[in-house]
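Quick notes on the structure that follows.
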Amino acid sequence: MQVVTTLEELRRARRNLAEPVGFVPTMGYLHEGHLSLVRMAREECASVVVSIFVNPTQFGPHEDYQQYPRDIPRDLALLEKEGVDLVWTPTPDIMYPEDFQTWVTVEQLTVPLEGKHRPGHFRGVTTVVTKLFNAVQPQRAYFGQKDAQQARVIQQMVRDLNMPIAIIVGPTIREPDGLALSSRNTYLNPQERRAATVLYRALQAAKDAFERGERDAETLRRIMREVLTQEPLARVQYVSCAHPDTLEELEGPVEAALLSLAVFIGKTRLIDNMLVGLGRDTWPPYIPEG
Ligand code: AMP
């Protein structure tokens, strides 16, 4: 496994990789969610590239950029075991040199949900992912359903900008008690960690209701809120039952939806989601034409 930092090293290493190249962009502090994407890439591609970069431009001024957990030696050991070919660990000044002034923005899809509560977040994500894609030039890239809106936004961007990259979405990997794996779970103390299962329980309650025939969007949101209210450590930021294509909030009867929520457990902001009515647990892959 080769580990590189500069763009020049990356380009040189990239030239020697067999294609198709599969790419998994991450912010590091890797867990089984990340590794599940690496394994999908390993199975489907001749070479696998992973990037580790805590992207400053996707964090708000009062968010956790400085505190975000980092452990590169541990990450590299995990990736080595997965048979990764190349790891790229750029620095902030490589990605954002002085006088950087070009941004990629996806419009409607970034307005609701996370976009409403994290202004500028998706602009940072789409810009850094474009830069990572331009440097790595993968044929396929892998994202997690855990960040459902992010995966949809990336698929939209790749399509709108004719990037010749397939975007594959892997299922959300969970702890045995349902909590979705996240690098941010390390912020939780033991009491908060127990409380954090309420996100999964709220989503599962709404999904169960949908499967028993409940179709009213507001009722599905109310079911999630009722479960969340039971947990004194939980402070709800949003609860959503949204159209799976537009991500706009639904009213009345729903055929299919993205159920999603953002909840503070203490100072830690957690998100989670489930799809209903689509006959699948993840967004379909985006495959470019031609
Ligand atoms: P991050 O390091 O948080 O930026 O995540 C890197 C990639 O891993 C993103 O595509 C995430 O959606 C994905 N990911 C994070 N957590 C999970 C999880 N629990 N299950 C599946 N994928 C995940």
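For the reader, a short list of remarks on this structure follows.
- Region 103-133 - residue that is part of a helix (DSSP H, G or I) and touching a strand residue (DSSP E or B) at 6+ places or on another chain (Cβ under 9 Å) and, of those, surrounded by the most Cβ atoms within 10 Å (Cβ to Cβ): 129
- Residue match in region 71-88 (condition: closer than 16 Å to residue 135 by Cα and either within 16 Å of the ligand (Cβ to nearest atom) or not assigned by TED's automatic domain parsing to the domain that holds residue 150 (or both)): yes
- Residue, surrounded by the fewest Cβ atoms within 10 Å (Cβ to Cβ), within region 40-55, restricted to residues that are without any contact (Cβ under 8 Å) to a residue 60 or more places away in the chain and farther than 18 Å from residue 76 by Cβ: 43
- Residues of region 244-271 satisfying the condition of being surrounded by fewer than 17 Cβ atoms within 10 Å (Cβ to Cβ) and in a loop (DSSP other than H, G, I, E, B): 245, 246, 248, 251, 252, 255, 256, 266, 267
- Being away from the ligand (no atom under 16 Å from the Cβ), assigned by TED's automatic domain parsing to the domain that holds residue 124 and closer than 30 Å to residue 174 by Cα is a property that holds for residue 46.
- Top-ranked residue of region 150-170 - restricted to ones that are in contact with a Pro (Cβ under 8 Å, 6 or more places away or on another chain) and part of a helix (DSSP H, G or I), ranked as surrounded by the most Cβ atoms within 10 Å (Cβ to Cβ): 158
- The residues of region 2-39 that are of a type in the set (Ser, Thr, Tyr) and either under 22 Å from residue 96 (Cα atoms) or crowded, with 21+ Cβ neighbours inside 10 Å (or both), listed by number, are 5, 6, 26, 29.
- Options 196, 205: the member that is modelled with pLDDT of 95 or more, crowded, with 19+ Cβ neighbours inside 10 Å and within 18 Å of residue 262 (Cβ to Cβ): 196
- Any hit, region 81-92, residues being in contact with a strand residue (DSSP E or B) (Cβ under 6 Å, 6 or more places away or on another chain), among the acidic types (Asp, Glu) and at pLDDT 95 or above: yes
The values are calculated or read from the model by the stated rules, or taken from the named source; none is laboratory data. All values derive from a computational prediction rather than experimental measurement. As a convention, Cβ positions derive from the backbone with ideal geometry for all residues, glycine included, and neighbour counts pool all protein chains shown.
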